[in-house]
1. Whether any residue in the range 252-259 is of a type outside the set (A, V, I, L, M, F, W, C), surrounded by fewer than 23 Cβ atoms within 10 Å (Cβ to Cβ) and not in a helix (DSSP H, G or I) is what I want to check.
2. Could you pull out the residue among Asp906, Asp880 that is more than 23 Å from Val793 (Cβ to Cβ) and touching a residue at least 12 places away in the same chain (Cβ under 8 Å)?
3. Scan the range 661-678 residue by residue and report those that are in contact with a helix residue (DSSP H, G or I) (Cβ under 7 Å, 6 or more places away or on another chain) and open to solvent by 50 Å² or more (accessible area, probe 1.4 Å).
4. Are there any pairs, at least 6 apart or on different chains, whose C-beta atoms fall under 6 Å, with the first in the range 587-606 and charged (D, E, K, R) and the second part of a strand (DSSP E or B), and if so, which?
5. List pairs: first in the range 132-146 and under 18 Å from Ala89 (Cα atoms), second part of a loop (DSSP other than H, G, I, E, B), Cβ under 6 Å, 6+ apart or cross-chain?
6. Residue by residue through the range 679-697, note down the ones that are open to solvent by 30 Å² or more (accessible area, probe 1.4 Å) and either under 29 Å from Glu507 (Cβ atoms) or in contact with a Gly (Cβ under 7 Å, 6 or more places away or on another chain) (or both).
7. Please go through the range 764-782 and give me each residue that is part of a loop (DSSP other than H, G, I, E, B), without any contact (Cβ under 8 Å) to a residue 60 or more places away in the chain and either under 20 Å from Gln731 (Cβ atoms) or hydrophobic (A, V, I, L, M, F, W, C) (or both), ordered by number.
8. May I ask you to list the residues in the range 58-68 that are buried (at least 19 other Cβ atoms within 10 Å of the Cβ) and touching a Leu at 6+ places or on another chain (Cβ under 8 Å)?
Amino acid sequence: MSVPDYMQCAEDHQTVLVVVQPVGIVPEDQFFRIYKRIAGVSQVSIRDSQRLLYIRYRHHYLPENNEWGDFQTHRKVVGLIAITTCGSAKEWPQTAERFHGQKEVYSSTLYDSRLLVFGLQGEIAEQQRTDVAFYPSFEDCPDVEKRVEDFVGSIFIVLESKRLDRATDKSGDKIPLLCVPFEKKDFVGLDTDSRHYKKRCQGRMRKHVGDLCLQAGMLQDALVHYHMAVELLRGVNDFLWLGAALEGLCSVSVIFHYPGGTAGKLVGRKPSISQPADAGKRHRPGAQEVLIDPGALTANGISADTSTEIGRAKNCLSPEDIIDKYKEAISYYGKYKNAGVIELEACVKAVRVLAIQKRAREASEFLQNAVYINLGQLSEEEKIQRYSILSELYELIGFHRKSAFFKRVAAMQCVAPTIPEPGWRACYKLLLETLPGYSLSLDPKDFSKGTHRGWAAVQMRLLHELVYASRRMGNPGLSVRHLSFLLQTMLDFLSDQEKKEVTQSLENYTSKCPGGMEVITLPDGLKLPPVPFTKLPIVRSVTLLNLPVSLRPHKVKGLLGQNMSTASPFIYSPIIMHNRGEERCKKIDFQWVQGDVCEVQLMVYNPMPYELRVENMGLLTSGVEFESLPAALSLPAESGLYPVTLVGVPRTAGNITVNGYHTSVFGVTSDCLLEGLPGVKSSGCLVEVIPALPRLQLSTSLPRSAHTPSPMSKEELSSTVSVQLFNGETQQLTITLENFGSEDIETLELTSKTVSTKEKVFGEFLSWELEEALSHLPLKPGQAVTLTVNIKVKLDFSGQENLLQDLNDDGISVTGLPISSPLRQVLKPRPETKPVSSESGKAEYSHIKTLEAVLNFKYSGGAGKVEGYYRELSLGVHVDVEPSVFFTRVSTLPATSTRQCHLLLDIFNPTEHELTVSAKNNQDLVLHASECQRMAIQVDKFDFESLPQPDQETARFTNPKQLEEERQHAQGCQINSKLGICWNIISLYLPHVR
């Protein structure tokens, strides 16, 4: 016997073997359909008896195994059911002949046989025969099971008669010596009359009767016969049959202790009815001993009545003793080279029993012994079957990694070099089954949490084998998926060289079959989930960016309360129940605008030892229609954190959630969701998209400047213009406003704010007329409108004390008023220690003062205006102011009229240009650079009493200093209006400026 039955278990010793085979040409699907119905009759209750007969069906059984039927009767084919098709009466003789030929194969052991004929109708089919059943078709055969039960009943009759015949033989004839096939030549020429020979015959026959009793459902009788056989065979050192007797003893004990069976079947076996009531009390140690009365045996060594022995049996083996006896039996089998199959099957049976007893370590010892049993030259298919069964048995006892090892060996055996047509599909299927044993799954999500489980080196080897097997199967898509999984999950364990080799292989595969995010379904229904490359590159943080300041939407103040949440009446609650997902999806406190480009910044890291090219990287969003604008980037080797900005345009309004990003790396397209990236920092990924607003672009007639007004940030201003003016000069700034968006500009407002407060400005610094620009509204996309802003600077430069003191040394009174200010200058005494020179005076004078202001354009339109939103555009204005004219001395002389006087002004030109000064009804005075001249102006006397005075109530609650400043300002304005003094620098073509 060379082919073991790896599915055998201890309770199979109780079964009778029936072979079901096709005769002639029978469709395979129809045959197995009938075979399944026949196999459903696995146990039959014997009529007029409380016993059950168990049947084991096989559709393929080697005749050479049948030769071992005397050694263990459950290996003997006692029944044959043939299935055939017959279309006409002419074919019937040939069919019957084939059936008889099939019976001849097992004729030496058959108890009975049946032939099931399908398709034959007519006179022959109407004949009543016990051994043949006729059916019109495979579909019309309702009583197959009934026929099988009758057939099993006839087998039992023969079995019972043989049992009684063997057990009650009183003829006095010699007991025949039962042999296994390889023993027959060894017993030629032996003395058959010797005591040793007779004891051998008696022991083997006792063991054989025990087998028959076990099959016939008489467990107690079998137990007694096995005990007696053990004693007899042990005395003559008949080790092979002693092992069989011990194994029979174990089988009966297993059936007693585990009525549900040890094969792990879903439907447990029904417990034997002949089992006595005290079966549950058989766990006493040493219960295997049997007292045998020599007088109870007949001359041929077989007792006529076994009831006395049954009464003397202490009991069956305890669970511990069952394993000990199995060990002993296997050790005896190991003495015989030709009993390798018996030894291997006994190991398998013992392992199944130990699995139920949860004694995994001892079971592994039996399996380890089974691995080294030599069965001679096995075919490749037999080797695959052997390793597969070993794997299943290791899995049964909980040795998952060992199970995976043998499953992998079986997979490699499927593609051994000696096989002409390697079975790569079978290899791939077996490799997939090894994954759980090596703590591997095909879902990358299992590797994103906690520490790595399993041996990474072994896992990588297995994944490489899956890649190779799928490629040899002709499925490059599978190769890409497994290689992607290897790169994603094992990246931390790959060396730099391995990373390079894996990525090169992946690029080669994806050039023929690009990788994607679809689920791959295998023929057996197994689904391979997609593998997103969340580590190529690694993303550390995701930040949604606000729009540029000039494009940020603002809510009209009166409408702010409409959208305020009223979820809770409390201002603050110390108990805030939220998880990481809610924190990631919380709403951000700024808005995006429909139709405008929005940005998300990712901080990424390249873990590869070489440059990583990422193509088609874009955003994954939900909530509103979003047009992602993909980007391509190249990250240097081990780059460290590297900022990447992804952009897109929301096409509708509503709430948008940034769920992740998509990439294309090494030809594999990945959708990376933020919820699957536990290490990513995010301030929130939910933002409101408001309806579309217009966009305004600004250009000016003055040059741009790098200056930024000090309280403002550079990003708050769309641009800044810079101009240099002399004190009192006016400059026009032309601003062009262009609608470069897609919505009409329906409203436009302009305000200004002076941001530098060090200098006091007299008069309006910035002034404009907005009516002309407003008349062009609504401003269509692409249209522009111009606006003129007047920049007029009037500052107080009267603090140039050093220069004025130098002039005083020349004998000129320096109690003068500057043109730009009506206030009287109070001079400090000149320090004695300061050196006097014209150069120092000139340097002090050249001080430039700065004025800064911001022009703020507020505009709105489109659907955003309806929702109460607007935008602001700011223009910074930077003005450097130089001094123009100083009045170093002011005095008066009487005029011819008492109502008038002559005003004498000593005028100093501090500029580097020739300057002309003019006044009302007076000739122009030309002053060269740094020149001082006197001008006389005839004016009406000033009447300051006529100026309006503050009422008493205002005077009571106003600072006296402020009141004095206001009074002097009013007087200065009156003086300036009457004098009308202007200056002009001809060389610079400056207009007369007041």
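The values are calculated or read from the model by the stated rules, or taken from the named source; none is laboratory data. Keep in mind it's a predicted model, so treat the numbers as computed, not measured. We place every Cβ from the backbone using ideal geometry, glycine too, and count neighbours over all the protein chains shown. In case anyone asks, the SASA skips ligands and DNA or RNA and just uses the protein heavy atoms, side chains included. Shrake-Rupley method; radii C 1.70, N 1.55, O 1.52, S 1.80 Å.
1. yes
2. Result: Asp906 is the single residue among Asp906, Asp880 that is more than 23 Å from Val793 (Cβ to Cβ) and touching a residue at least 12 places away in the same chain (Cβ under 8 Å).
3. Answer for the range 661-678, where residues must be in contact with a helix residue (DSSP H, G or I) (Cβ under 7 Å, 6 or more places away or on another chain) and open to solvent by 50 Å² or more (accessible area, probe 1.4 Å): just Glu675.
4. Lys587/Leu686; Glu599/Thr645; Glu599/Val647
5. Note: pairs meeting the criteria are Phe134/Leu120; Phe134/Ala125; Tyr135/Cys141; Pro136/Gln121.
6. Hits for the range 679-697 are Gly679, Arg695.
7. Across the range 764-782, the qualifying residues are Glu764, Glu769, Leu770, Leu777.
8. Matches in the range 58-68: Tyr61 only.
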